[in-house]
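The values are calculated or read from the model by the stated rules, or taken from the named source; none is laboratory data. It should be emphasised that the depicted structure is a prediction, and the values quoted were computed from it without experimental measurement. Cβ sites come from the backbone with ideal geometry, for glycine too, and all protein chains shown count toward neighbours.
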Ligand code: 1GP
């Protein structure tokens, strides 16, 4: 079964899933091995791998360490074309539909397409939406786009609807890694009402309660990165909370 089918089936069954986001930048093999074991023991559903500034070797090293130390599905969440890597299982093929930067909407994808094809990765066409989280994040700076205001759920829902109509397969609502606070439930609820696609939500989720709130508002899959880096033990308790819903 493809990973997209797995995400969809789980969403239809109204079960919730969680992904650990690993940014390989500046980390060594020992760190990747530790995180792989932590994620496997915690029972997360997926590992997203990517970041804004990663060299080729770091990505290889990270994917190899996760393969050696876990059986978790590895999904690329690429910050650049250079991060396309055949060692992963799938790629979130992102179009930054919240922004108006043509490079992020279609330009980078044109450059990446032949590499993705050659790598034989499962492609998950993703409507990627940055939501304002109260402070500048790396994602905003690097993408050179404006985020959707946090208190404008209608803009978010219309954007997601357009993404669905264009044939995208999942919607990713992201407050940006290290966001001060997670995306508000009200905005997630509005998007949930507007589209049938699986909804991924991440950015600033640090507690069980925040993960539960995102899920109850309509997220099918939540993503945690920063908190797992700071406190790997927390990953297991957030995972348990998400799976208990
Ligand atoms: C960012 O959703 C991810 O794309 C994770 O964010 O690092 O804040 O958990 P955090």
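Quick notes on this structure:
- Test set (1) in contact with a strand residue (DSSP E or B) (Cβ under 8 Å, 6 or more places away or on another chain); (2) surrounded by fewer than 16 Cβ atoms within 10 Å (Cβ to Cβ); (3) in contact (Cβ under 8 Å) with a residue 12 or more places away in the chain - residue 106 fails condition number: (3)
- The range 7-52: number of residues that are under 24 Å from residue 121 (Cα atoms) and buried (at least 21 other Cβ atoms within 10 Å of the Cβ): 21
- Contacts under 7 angstrom Cβ, first residue in the range 218-229 being free of Cβ contacts under 8 Å to residues at least 60 places away in the same chain and under 21 Å from residue 156 (Cβ atoms), partner more than 10 Å from the ligand (Cβ to nearest atom) and part of a strand (DSSP E or B), 6 or more apart: 218/199
- Candidate set from the range 109-125 (those that are more than 17 Å from residue 52 (Cβ to Cβ) and surrounded by 19 or more Cβ atoms within 10 Å (Cβ to Cβ)); member that is nearest to the chain's Cα centre (by Cα): 124
- Some residue of the range 63-83 being free of Cβ contacts under 8 Å to residues at least 12 places away in the same chain and more than 14 Å from the ligand (Cβ to nearest atom): no
- Residue within the range 71-80 that is closer than 19 Å to residue 173 by Cα, in contact with a helix residue (DSSP H, G or I) (Cβ under 9 Å, 6 or more places away or on another chain), modelled with pLDDT under 95 and crowded, with 18+ Cβ neighbours inside 10 Å present: yes
- Test: residue 167 is buried (at least 23 other Cβ atoms within 10 Å of the Cβ) and out of contact with any helix residue (DSSP H, G or I) (no Cβ under 7 Å at 6 or more places or on another chain): no
- Helices (runs of 4 or more DSSP H) contained in the range 135-245 and holding at least 3 residues over 19 Å from residue 6 (Cα atoms) and away from the ligand (no atom under 16 Å from the Cβ): 153-165, 185-194
- Test: residue 11 is over 26 Å from residue 140 (Cα atoms), in a loop (DSSP other than H, G, I, E, B) and out of contact with any strand residue (DSSP E or B) (no Cβ under 7 Å at 6 or more places or on another chain): no
- Only a single criterion out of (1) within 15 Å of the ligand (Cβ to nearest atom); (2) more than 21 Å from residue 137 (Cβ to Cβ); (3) modelled with pLDDT under 95 is not satisfied by residue 26, namely (2).
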